[in-house]
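The values are calculated or read from the model by the stated rules, or taken from the named source; none is laboratory data. Note that the structure is a prediction, hence the values are computed from the model and not measured. As a convention, Cβ positions derive from the backbone with ideal geometry for all residues, glycine included, and neighbour counts pool all protein chains shown.
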Amino acid sequence: MEKPLFDVFWLVLCSALVFNMQLGFLCLEAGLTRSKNAINVALKNMADFALSVLLYWLYGFGIMFGLSQTGWWGTSHFLPDVGHTDAWLSAFFLFQAMFCATSVTIISGATAERLRFGVYLTLGALVAGLIYPVFGHWVWAGSFADGQGWLGAAGFVDFAGATVVHSVGGWVALAVLMLIGPRSGRFDQDDPSLTIPGSNLPMAMLGALLLFFGWFGFNGGSTLSANAAVPGIVVNTLLGGVAGVAVVIALNWRLRGFTDAIQPINGLLAGLVAVTASAHAISAPDAVLIGAVGGLVMKLAETALLRWRLDDAVGAVPVHLAAGIWGTLAVALFGDPEILGTGLSVAEQLLVQVKGILVCAAWSFGVAYLVFWLMKRRIPLRVTPEAERLGLNISEHGTRTELIELLEHMEGDARAGDFHGEVPVEPFTEVGQIASQYNRVIRALGLAVEKTQAIVRDIRDGIVTFQADGLLTSFNPGSQRLFALPGETGTVRLHQLLVEDNWQP
């Protein structure tokens, strides 16, 4: 398929922007999870990207964009000869591979801090190798080879993947969350809205902005050509994202009197997801409204998950699934019929959009839940409670950090009851500063204990300690002289001290 060289260049450029979203997901997820799991989260993002691209090259691309077999799956372009002769094939594959990797990465954040690394790779392979390309063929087949997917032929419209990419990832994440349960301690408190704090919120915000930047290529490149529609699509993307931020900030201010650091992040992403399905066929006011409602839908879904005690570590399901559903419905409500080009009325288009949402749910959620329910009967899906307590950095990857080593030294001091040992100090780091202050506290406490022990040892009065049943646990020299006690407490009880010469067991 011959394409103008500038269109090829545009798609390659947009592929680079979409790849930038992988950086955003990594920063976002690592920042919103605890530091003891941040390395695990980062490694999952790197590993699932590599796995997704390889599987997509082997056969996923062929299933999704090959010659259609009755609208259900592709039958050509397996192991595509990219990077050699056909420039358009290479550019198209590159762009679509980035989309596939994005769908898989959504699941990483939702299931963070408890899922075994090997299980996650299996999950990534299932999505990249089966769930995503099959559903993608139903909607987008015909974009490269002959034929059309059956949902696309019915009139279902999803311009850049609010359902194909984001809802697929969201449905799979929801299925796995229902099977693995919440993180330890997540719902132990009375107020389920109290979240487990992230390790680095500024880094999470940076991740959100990197995603925002990459989204311009995500939506702008979905035209598959550098045409006159691109500027409007990029602007609609911009307006949808900022509207999501604004409405979430305003809502939190109204309900709570302040806005926390996480809600604007998810509001931004929800607005972007919502506008993704129709960015090519709506006006600027429509984009603002769709993005704003996307933020509201995200908040409602977040509340529902808390009520159902489903622990989404980064809010991926409310953002990508709930806002994706709304955005897919908004195609019928706000999309220009001439641009959509389906020939359907608003009511007919809405019915087709609902049908596509339900099909996506049945396929994505159904396959993921069935496969991992069967897997759960054979092997554990999540790490052990002790591994979760230590953190997946250590338990899954054997990766040690300064903070972990400091905590281990402190725990050793606590077990030994030693007020004289000092932990190693790594200079010029935050953990080193904590260790230095800890050593100062230990030295001061050790001196205080020594003074107290000296007073107790030298005082003439008798001082004894005992258990609830009266068994003596310790006594000072004054007590030994007063009661003629032996050097060891043995089995002496308190009442025996009150009877002359009766302290002997």
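If you go through the range 389-407 and keep only what is in contact with a helix residue (DSSP H, G or I) (Cβ under 7 Å, 6 or more places away or on another chain) and farther than 17 Å from GLY185 by Cβ, you end up with ASN393, ILE394, GLU396, HIS397, THR399, ARG400, THR401, GLU402, LEU403, ILE404, LEU406. Looking only at residues in the range 28-39 that are of a type outside the set (Ser, Thr, Tyr) and surrounded by 24 or more Cβ atoms within 10 Å (Cβ to Cβ), which one is nearest to the chain's Cα centre (by Cα)? Going through the qualifying residues, I end up with GLU29.
Among the residues of the range 329-360, the one identified as free of Cβ contacts under 8 Å to residues at least 24 places away in the same chain and within 28 Å of the chain's Cα centre (by Cα) is LEU358. Scanning the range 206-215 for residues that are more than 23 Å from PHE65 (Cα to Cα) and among the hydrophobic types (A, V, I, L, M, F, W, C) returns LEU206, ALA208, LEU209, LEU210, LEU211, PHE212, PHE213. When the range 1-26 is filtered for residues that are hydrophobic (A, V, I, L, M, F, W, C) and surrounded by fewer than 23 Cβ atoms within 10 Å (Cβ to Cβ), the ones remaining, listed by number, are MET1, LEU5, PHE6, VAL8, PHE9, VAL12, LEU13, ALA16, LEU17, PHE19, LEU23.
Candidates GLY169, GLY161: the one that is over 19 Å from THR223 (Cα atoms) and crowded, with 24+ Cβ neighbours inside 10 Å is GLY169. When the range 243-264 is limited to residues that are aliphatic (A, V, I, L, M) and surrounded by fewer than 19 Cβ atoms within 10 Å (Cβ to Cβ), the one that is nearest to the chain's Cα centre (by Cα) turns out to be ALA261. Can you spot a residue in the range 38-52 that is in the same structural domain as LEU121 (by TED's automatic domain parsing), more than 25 Å from PHE216 (Cα to Cα) and modelled with pLDDT under 95? Scanning the range 38-52, I find at least one residue that is in the same structural domain as LEU121 (by TED's automatic domain parsing), more than 25 Å from PHE216 (Cα to Cα) and modelled with pLDDT under 95, so the answer is yes.
Per the listing LEU305, LEU340, the residue uniquely closer than 23 Å to ALA204 by Cβ, surrounded by fewer than 24 Cβ atoms within 10 Å (Cβ to Cβ) and at pLDDT 95 or above is LEU305. Scanning the range 58-79 for residues that are touching a Leu at 6+ places or on another chain (Cβ under 7 Å) and assigned to a helix (DSSP H, G or I) yields a single hit, LEU58. Look through the range 143-201, keep the residues that are over 30 Å from PRO385 (Cα atoms) and of a type in the set (S, T, N, Q), and return whichever of them is farthest from the chain's Cα centre (by Cα). Applying the filter and picking the extreme gives GLN148. Take ALA281 and decide whether it is closer than 20 Å to THR163 by Cα, in contact with an Asp or Glu (Cβ under 7 Å, 6 or more places away or on another chain) and surrounded by fewer than 24 Cβ atoms within 10 Å (Cβ to Cβ). It is true that ALA281 is closer than 20 Å to THR163 by Cα, in contact with an Asp or Glu (Cβ under 7 Å, 6 or more places away or on another chain) and surrounded by fewer than 24 Cβ atoms within 10 Å (Cβ to Cβ). None of SER225, SER278 is under 30 Å from LEU89 (Cβ atoms) and either touching a Lys or Arg at 6+ places or on another chain (Cβ under 9 Å) or charged (D, E, K, R) (or both) except SER225.
Residues in the range 1-44 that are small (Gly, Ala, Ser) and either touching a residue at least 40 places away in the same chain (Cβ under 8 Å) or in a loop (DSSP other than H, G, I, E, B) (or both): SER15, ALA16, GLY24, ALA30, GLY31, SER35, ALA38. Pairing each residue of the range 262-289 that is in contact (Cβ under 8 Å) with a residue 40 or more places away in the chain with any residue that is acidic (Asp, Glu) and surrounded by fewer than 22 Cβ atoms within 10 Å (Cβ to Cβ), provided the two are 6+ apart or on different chains, yields C-beta distances under 6 Å for ALA281/ASP336.
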